[in-house]
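Notes follow once the structure below has been shown.
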Amino acid sequence: MKLKYALYEQNKNKLMTVLIFFQTVIVLVMIVSIISAIVSRYEKYRPLENFFQGDGLNMHITTLLGRTGQRYLPFTESSDVEKYLKKAHMVSSYSIQMTFDIDNKKEEFGSWSPVIGYDDELISAYTPEIETGRWLRTEDADTDMIEIVLAQKEESHKVGDIITLTTSDVVKESRDCKLSKPIQAKVVGILADGASPIMRPIHYGEYSDFRDYYYPFHRDEEERAIVFVSKRDIEHNNQIHAAAEQKNLIKGETCIWPYIISGPCFIQYDTGITQKEKDHNSKYLAVNGRYVFRHTSAEMRENSMEYIMNQMNMLIPILIAMIILTLLSIISSTVIMIRQNMHNYSIYYMLGMTWRKCVSVHGLSVVIMQMGIFLFTILCIAICEKTGALDRTVFSLGGWQLLGCFVMIVFFIVFSIVLSFLLIGKRSAKDILREIE
Amino acid sequence: MVKLDNIIKTYNKGKSNAFEALHGVSLTVGSGEMVAIVGTSGAGKSTLLHILACIDGYDSGEYCIDGMVIGKVSEKKMAAIRNEKIGMVMQDFALVEEFTALDNVMIPLDFASRGKKKRKKERKEIALKMLEMVQMQDFADKPVNNLSGGQKQRVAIARAIANEPSLILADEPTGALDTETTREIMKVFIDLNQQGRTIIIVTHDLAVAEQCSRVIRIEDGRIIE
Ligand SMILES: Nc1ncnc2c1ncn2[C@@H]1O[C@H](COP(=O)(O)OP(=O)(O)O)[C@@H](O)[C@H]1O
Ligand SMILES: [Mg+2]
């Protein structure tokens with residue numbers, strides 16, 4: 001019943017309605033863009049958030065020497081490094097010496113594709129955007145089929161492809177470096193164009209925040225494919241196959257694909273660490289390692305948060321100004337609308353409505369309008385998103401964006417209704433009705 | 001059925017421009033009566049009628065409809081009384097101009113309190129029947145702002161009787177109409193009265209007053225005969 005009267009109100013005062021409509025749409029679009037910016041940034045920060053907790057050091061390591069105390073031996077395991085550090089836990093990436101030119105279907109998949117290995121903690125911390133298949137899994141590291149994820153320039157490989165590895169740099173006296181028995185690797189996932197895996201970006205150190213740990217992978221800018229593996233998977237397969245290839249390997253080599261700690265590394269200190277112990281760790285790493293990037297966790301946190309919130313600091317004042325403008329429009333339009341409608345409300349009152357019911361008629365018309373604006377805006381953004389118009393922007397429509405818009409709309413509705421509550425019924429119906437006489 | 005006892009009404013009470021419009025009005029109107037309230041302009045006729053219609057309050061005295069003391073019941077109950085017991089016709093019709101005649105007549109039916117409200121189809125049928133009673137059925141779907149004054153007043157009367165109220169109040173219902181139309185409208189009121197409804201008409205047209213069974217004269221906020 002009220003709906004009929006509420007809809008009728010909707011048609012009055014079109015100009016104000018249009019004004020509020022556009023202002024509210026702008027407010028909602030701004031809310032979506034601010035939240036999108038924060039969400040998109042935070043989504044990259046969150047995987048590393050754990051590594052930046054508490055006290056610690058975060059680096060891109062070029063080399064870290066000192067294995068078994070020897071100054072010329074590069075470390076191959078983060079757990080080994082931990083032994084030389086005090087109260088420290090280390091999570092590393094690895095550079096793996098593995099040649100993928102065997103099944104060389106396409107040129108780009110050449111021997112010089114970098115092979116990046118991760119500690120389990122890094123694999124589970126972050127999944128880059130996958131086009132097909134899946135990301136590496138820590139629980140698959142115990143099979144004798146090596147699992148790889150590819151970031152490829154061309155569409156050379158598909159998920160499920162088996163690549164036969166027949167060479168190793170450590171096979172002796174062979175120009176082709178042939179293994180006596182080929183080993184198989186299976187492509188389990190292909191990264192999407194635009195994915196950002198955790199590895200050293202070309203312009204590392206540019207930001208001194210979490211962004212320095214992501215490599216922006218764009219197919220048309222790449223010269224080669226990148227291969228991602230689980231370090232534990234390689235370690236496991238080394239063990240299995242090195243024994244079989246023993247007589248085929250260069251003397252002293254114990255594995256088929258040697259690897260070293262290299263690239264993104266995170267060292268987290270235990271809570272009870274003293275300044276002296278920290279100094280010891282810093283000194284050890286400074287003497288034995290070479291890095292291109294090194295920041296304390298506190299620095300990473302601060303810089304990252306500053307960057308995430310940066311957009312807010314810029315847009316919030318504009319948003320607040322827009323909200324105030326919208327509220328002013330709501331105030332003036334409510335005052336005008338209610339003044340226009342007051343004659344009708346008085347008729348309704350005379351015919352048996354309470355003022356409160358009149359407020360609820362007006363309230364319902366406000367709800368219809370605001371919900372209409374909400375749905376309109378969301379629909380427009382959703383359509384833009386579907387058609388790909390927003391692909392190169394951070395603009396997206398997730399739960400937080402919807403929640404933000406919804407809260408705003410509810411606020412506008414409540415504000416309008418409270419306002420109309422204050423305005424309706426302040427004068428007696430008869431005075432209003434006789435005004436026209 | 002309607003009983004006013006020593007009603008005093010002061011406008012702008014407590015302010016410097018306070019004005020006592022009714023100085024202790026007492027009045028009883030029995031069921032089925034057709035009463036005219038006459039008096040010069042500014043005498044307090046409308047003030048009295050608005051109090052009777054429960055769209056305005058009073059400062060002291062007592063007003064009863066069917067034994068119920070108005071002013072001592074809740075806002076909601078008052079609304080229900082306006083809706084069910086009283087049909088009000090105003091000089092300027094007080095119609096929702098953009099609504100059709102039918103929609104206007106349906107308003108009191110739409111606002112009926114829970115339990116008493118009828119189904120939409122039934123409400124429409126009743127509204128049409130009411131329009132028929134005032135010979136306006138052919139204009140049911142016309143927006144009222146296209147109608148003439150006499151037609152509008154007929155719609156207003158149809159709306160006033162939609163909920164079959166026992167008391168019909170009219171504030172100068174013919175004030176804006178010509179003599180011919182006035183006669184027609186008065187016929188409608190007389191018909192309604194003959195169906196047993198109590199009618200109180202405020203007017204300063206003596207020709208109108210003459211057609212009522214009782215005439216009450218009010219002057220300067222007092223009833224004088
Ligand atoms: N809302 C009001 N505020 C102040 N004075 C009013 C108000 N309404 C009516 N009056 C005064 O009360 C007196 C009676 O008014 P009214 O009942 O409208 O007279 P009538 O209908 O007999 O012409 C008039 O003098 C009028 O000026
Ligand atoms: Mg009057």
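Once you compute Rg and the Kirkwood Rh from C-alpha atoms, what is the Rg to Rh ratio for segment A:1-105?
Result: Rg/Rh = 1.44.
Computed on segment A:56-272, the Cα convex hull volume stands at 131 Å³ per residue. With Cα atoms defining each centre, segment A:371-437 and segment A:278-322 are spaced 38 Å apart in the structure. Taking B:V69, B:V188, B:V35 as the candidate residues, the one with maximal mean-square fluctuation in a Gaussian network model of chain B, Cα springs under 10 Å, is B:V69. In the frame of its principal axes, chain A has Cα extents of 112, 54, 32 Å, reported largest first. Proximity of backbone amide H atoms, modeled 1.01 Å from N, is registered between B:V202 and B:I37, B:A170, B:D171, B:E172 at under 5 Å, excluding neighbours fewer than 5 places apart on the same chain. Counting, for every residue in B:141-147, the Cβ atoms of other protein chains within 10 Å of its Cβ and taking the mean gives 0. Once the mean of 1/r is taken over each pair of separate Cα atoms and inverted, chain B shows a Kirkwood hydrodynamic radius of 17.9 Å.
Across segment A:129-140, coupling constants 3J(HN,Hα) worked out from phi with the 6.51/-1.76/1.60 Karplus curve, θ = phi - 60°, read 5, 9, 8, 9, x, 9, 7, 4, 10, 5, 7, 8 Hz, and Gly and Pro carry x.
Relative contact order of chain A: what whole-number percent is it, with Cα pairs under 8 angstrom and at least 6 residues apart? List each step's numbers first, then the result.
Working: 734 pairs, mean separation 118.1, N = 437.
The value is 27 percent.
For segment B:41-134, the Cα gyration tensor yields ellipsoid semi-axes of 27, 18, 10 Å (square root of five times each eigenvalue, largest first, whole Å).
Of interest is the spacing of the C-alpha centroids, which for segment A:47-68 and segment A:343-359 amounts to 71 Å. Heavy atoms of the protein chains alone define the surface here; on that basis segment B:120-225 has 48 Å² accessible area per residue at 1.4 Å probe size. Restricted to Cα atoms, segment A:234-376 shows a radius of gyration and a Dmax of 35.0, 105 angstrom. Mean silhouette area of segment B:76-176, derived from the convex hull of its C-alpha atoms and averaged over all directions, reads 6.0 nm². Once A binds B, the 1.4 Å probe can no longer reach about 2400 Å² of accessible area, counting both sides. The calculated FRET efficiency for B:D59 paired with B:E184, based on their beta-carbon distance and R0 = 41 Å, is about 0.60.
Would you mind checking the pairs B:K45/B:K152; B:K116/B:K142; B:K72/B:K118; A:K12/B:K116; A:K4/B:K121; A:K87/A:K278 and listing those with alpha carbons more than 20 angstrom apart?
B:K45/B:K152; B:K116/B:K142; B:K72/B:K118; A:K12/B:K116
Using the beta-carbon distance between B:D220 and A:L325 and R0 = 51 Å, what value does 1/(1 + (r/R0)^6) give for FRET efficiency, to the nearest 0.05?
Result of the calculation: an efficiency of 0.45.
Averaged over peptide B:50-56, the number of partner chain Cβ atoms lying within 10 Å of each residue's Cβ comes to 4.
Please report, to two decimal places, log10 I(q)/I(0) for segment B:164-225 at q = 0.24, 0.27, 0.28, 0.30 Å⁻¹ as given by the Debye formula with identical point scatterers on the Cα atoms and no solvent. The Debye formula, applied to the Cα set alone, gives -1.09, -1.27, -1.32, -1.41.
Amide H contacts for B:D59 (H built 1.01 Å from N in the peptide plane; partners 5 or more residues away or on another chain; cut-off under 5 Å): B:I8, B:K9, B:T10.
For the protein assembly as shown, with all protein chains in place and a probe radius of 1.4 Å, 54% of the accessible heavy-atom surface sits on carbon or sulfur. Ligands, DNA and RNA are left out, and with a 1.4 angstrom probe the accessible area of chain A is 47 Å² per residue. Label-to-label distance for A:K158 and A:I368 is 5.5 nm, based on points extended 7 Å past Cα in the beta-carbon direction. When you restrict to C-alpha pairs under 8 Å that are six or more residues apart and normalise by the size of chain B, the relative contact order lands at 31 percent. Near the amide H of B:M34, within less than 5 Å, lie the amide hydrogens of B:I199, B:S213, B:R214, all on another chain or at least 5 residues away, with H placed in the peptide plane. Figure legend: label point modelled 7 angstrom from the Cα of B:K76 along Cα→Cβ; residues of segment A:352-386 with amide N under 18 Å from it are A:352-361. Evaluate E = 1/(1 + (r/R0)^6) for A:I316 and A:V25, where r is the Cβ-Cβ distance and R0 equals 22 Å; express this FRET efficiency to the nearest 0.05. In this case the efficiency is close to 0.75.
Scanning chain A for DSSP H helices at least 15 Å long along the axis (C-alpha atoms) with a Kyte-Doolittle mean no lower than -1.0 picks out A:14-49, A:297-350, A:355-386, A:399-423.
The contact residues of segment B:66-109, meaning those that lose at least 40 Å² of 1.4 Å-probe accessible area when all protein chains sit together rather than their chain alone, are B:E75, B:R82, B:M90, B:D92, B:A94, B:V96, B:E98, B:F99. In the context of the full protein assembly, A:V414 retains an accessible surface of approximately 80 Å², using a probe radius of 1.4 Å and ignoring ligands and nucleic acids. For segment A:354-398, a reduction of at least 30 Å² in accessible area between the chain on its own and the assembled protein chains (probe 1.4 Å) is found at A:T354. Entry note, segment A:56-272: relative contact order of 33 percent, from Cα contacts under 8 Å with a spacing of 6+ residues.
The values are calculated or read from the model by the stated rules, or taken from the named source; none is laboratory data. Keep in mind it's a predicted model, so treat the numbers as computed, not measured. Here the Cβ is made from the backbone with ideal geometry for all residues, glycine too, and neighbour counts use every protein chain on show. Remember, those area values only see protein heavy atoms, side chains included, never the ligands or the DNA or RNA. Shrake-Rupley method; radii C 1.70, N 1.55, O 1.52, S 1.80 Å.
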